[in-house]
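Structure, as structure tokens:
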Amino acid sequence: MIRHSRVTEEMSTLALHCSGASGRQWRRLQDQGAGAIRVIAPDLYGTTGAGQWPGQHAFSLADEAERLLSLPGLQAGRFHLVGHSYGGGAALKLATMVPDRIASLTLYEPSAFHLLQLMGPRGRAAFRDIERVARAVADALLSGHYRAGAKSFVDYWNGPGSWDAMKPERQSDVVRSLPKVCLDFRALFEEDTPRSVYGALRFPVLVMTGEFTPAPTRVVAEALVSFVPGARRLSIPGAGHMGPCTHAEAVNEAILAHICKAGRAPQRRALRLEAA
């Protein structure tokens with residue numbers, strides 16, 4: 001295991017989990033980064049720790065992000081930001097809301113599906129692919145056949161047979177998260193941050209994908225690397241969409257290296273652009 005020098009003492013790392021999981025997803029990052037970074041890994045809406053979205057208006061990524069900014073340890077100063085899948089989409093939104101406060105951004109297969117519409121025929125085909133998954137989950141929720149929706153969701157991201165291989169208690173966790181999964185999909189599809197905002201980001205960005213990533217998140221990763229100045233892409237050998245769990249050591253080492261390098265580099269000022 002690589003030893004990483006300590007990042008600025010007062011700076012935290014906010015790590016956001018994928019849909020259907022919880023902040024516990026990042027426990028191994030906390031362990032591997034002990035002595036180098038301080039990890040804040042909150043539960044997002046839809047989990048036991050955060051509770052359900054209260055429903056006062058249509059849910060958006062900004063709603064998720066605004067709640068996070070009120071967490072202890074994140075109310076002032078700069079911080080590093082990490083996100084996986086839906087957590088990556090939420091992290092990207094948060095980064096565009098407070099760019100001057102972001103020290104670095106690390107994303108593993110972020111589900112920023114709105115970017116697919118900007119990527120030509122391949123992007124539109126990938127959008128239709130993930131839209132079918134979202135529709136299957138929503139139809140299952142409306143019909144009451146929750147387990148069918150959960151199975152479609154899990155097997156798409158993890159491969160056929162993954163649902164059947166899960167422990168019953170983990171299956172129950174995913175079933176309980178289904179209403180929020182539907183909200184996540186809608187928020188990711190409806191996000192309207194323009195391309196120009198990503199082009200104005202001036203902090204270090206690392207976008208990771210697995211060797212066996214699905215088309216939608218692969219094209220999103222390509223989009224971000226082309227839109228964000230200086231963004232780097234890294235592929236994790238042997239990993240799929242759930243690389244932060246199945247290949248945690250390799251993924252976490254890449255996260256830690258990126259954060260520690262950013263912590264030693266001079267910070268470039270983020271440009272602020274009005275949304276078009």
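The values are calculated or read from the model by the stated rules, or taken from the named source; none is laboratory data. Predicted model only: the values in this text are computed from it and were never measured. Every residue, glycine as well, gets a Cβ built from its backbone with ideal geometry; the counts of neighbours run over all protein chains shown.
Confirm whether TRP163 is assigned to a helix (DSSP H, G or I), under 28 Å from LEU256 (Cα atoms) and either among the aromatic types (Phe, Trp, Tyr) or at pLDDT 95 or above (or both).
Working: assigned to a helix (DSSP H, G or I): yes; under 28 Å from LEU256 (Cα atoms): no; either among the aromatic types (Phe, Trp, Tyr) or at pLDDT 95 or above (or both): yes.
Spelling it out, it is not the case that TRP163 is assigned to a helix (DSSP H, G or I), under 28 Å from LEU256 (Cα atoms) and either among the aromatic types (Phe, Trp, Tyr) or at pLDDT 95 or above (or both).
Whenever a residue of region 13-27 is closer than 13 Å to VAL251 by Cβ, its partners that are of a type in the set (Ser, Thr, Tyr) and part of a loop (DSSP other than H, G, I, E, B), lying with C-beta atoms within less than 6 angstrom and at least six residues away or across chains, give the pairs CYS18/SER85. Taking the conditions exactly as written (touching a residue at least 12 places away in the same chain (Cβ under 8 Å), over 21 Å from ALA262 (Cα atoms) and either out of contact with any Leu (no Cβ under 6 Å at 6 or more places or on another chain) or not charged (D, E, K, R) (or both)), does ARG78 satisfy them or not? So ARG78 does not fit the description; no.
Of everything listed in (1) in a helix (DSSP H, G or I); (2) in contact (Cβ under 8 Å) with a residue 24 or more places away in the chain; (3) aliphatic (A, V, I, L, M), the single unmet condition for VAL225 is (2). The one condition from (1) assigned to a loop (DSSP other than H, G, I, E, B); (2) more than 28 Å from ALA50 (Cα to Cα); (3) within 21 Å of the chain's Cα centre (by Cα); (4) of a type outside the set (S, T, N, Q) that ARG218 does not meet is (1).
Residue-by-condition table, conditions (1) more than 29 Å from GLN56 (Cα to Cα); (2) in a helix (DSSP H, G or I); (3) touching a residue at least 12 places away in the same chain (Cβ under 8 Å); (4) in contact with a strand residue (DSSP E or B) (Cβ under 9 Å, 6 or more places away or on another chain):
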{"residue": "LEU141", "(1), (2), (3), (4)": "no, yes, yes, no"}
{"residue": "GLU169", "(1), (2), (3), (4)": "yes, yes, no, no"}
{"residue": "SER172", "(1), (2), (3), (4)": "no, yes, no, no"}
{"residue": "ASP192", "(1), (2), (3), (4)": "no, no, yes, no"}
{"residue": "LEU206", "(1), (2), (3), (4)": "yes, no, yes, yes"}
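The requirement of being in contact with a Gly (Cβ under 8 Å, 6 or more places away or on another chain), without any contact (Cβ under 8 Å) to a residue 24 or more places away in the chain, under 24 Å from PRO194 (Cβ atoms) and exposed (fewer than 15 other Cβ atoms within 10 Å of the Cβ) is fulfilled somewhere in region 115-129, by at least one residue. Scan region 144-159 and give yes if some residue there is farther than 24 Å from ALA91 by Cα, at pLDDT below 95 and not basic (Lys, Arg), otherwise no. Taking every residue of region 144-159 in turn, at least one turns out to be farther than 24 Å from ALA91 by Cα, at pLDDT below 95 and not basic (Lys, Arg).
Listed by first and then second residue, the pairs linking a residue in region 148-166 that is outside the structural domain of HIS84 (by TED's automatic domain parsing) and closer than 15 Å to ARG176 by Cα to a residue that is in a helix (DSSP H, G or I) and acidic (Asp, Glu), with Cβ atoms under 7 Å apart and 6 or more places separating them unless they lie on different chains, are TRP163/ASP155. In the set (1) assigned to a helix (DSSP H, G or I); (2) over 21 Å from the mean Cα position of the chain (by Cα), ARG132 fails one condition alone, (2).
What are the residues in region 199-230 that are under 24 Å from CYS260 (Cβ atoms) and either buried (at least 19 other Cβ atoms within 10 Å of the Cβ) or outside the structural domain of LYS93 (by TED's automatic domain parsing) (or both), if any? Explain how you work it out, then say what you get.
Of all residues in region 199-230, those under 24 Å from CYS260 (Cβ atoms) come to 201-210, 221, 224-225, 228-230.
If the condition is that a residue be under 24 Å from CYS260 (Cβ atoms) and either buried (at least 19 other Cβ atoms within 10 Å of the Cβ) or outside the structural domain of LYS93 (by TED's automatic domain parsing) (or both), then LEU201, PHE203, PRO204, VAL205, LEU206, VAL207, MET208, THR209, GLY210, ALA221, LEU224, VAL228 are the ones that fit.
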